[in-house]
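Only one structure is covered here, and it is reproduced in the block below.
What follows is calculated from the coordinates using simple rules that are stated; it is not laboratory data. Treat the numbers as computed from the prediction; the structure is a model and nothing was measured. Positions of Cβ are generated from backbone atoms using ideal geometry, with glycine treated the same way; all protein chains shown enter the neighbour counts.
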Amino acid sequence: MADVISYNIKHPVPESYNQIHLLRSELTNGLENKLYLEYRAQNQIAGRRYLNSIMKTYNLDAIATPSENELWSPFSPSFTVAAISGYPVINVGV
């Protein structure tokens, strides 16, 4: 991560790439952090319970929802719940 941050500083782009997330992640001890792993496991369990309850209640094989107005957004609520739960997501362009 430090190499990417350093490269971005040495080679700025006109769009002024904001690397705040890279800088913040560099301050952590990575994906093996005990607290992070606990929260990730709790969120995954909660997300699966939520999605499984919807699937079972309405006898669904899949859930289709609109995404953000952008072509692709990782912050669309349907993407976020599925990703946290560890479930696959398929994005079909319109």
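Details
- The simple Förster model, with R0 at 25 Å and r as the Cβ-Cβ distance, assigns residue 2 and residue 43 a FRET efficiency of 0.35.
- Note that the stretch 34-42 has calculated 3J(HN,Hα) couplings of 4, 5, 4, 4, 5, 5, 4, 5, 4 Hz, one per residue in order, obtained from phi through the Karplus relation 6.51 cos²θ - 1.76 cosθ + 1.60 (θ = phi - 60°); glycine and proline are x.
- Protection proxy ranking, peptides 79-85, 31-37, average beta carbon neighbours within 10 Å, highest first: 79-85, 31-37
- Under a 5 Å amide H cut-off, with hydrogens placed 1.01 Å from N, residue 19 pairs with nothing among residues at least 5 apart or on other chains.
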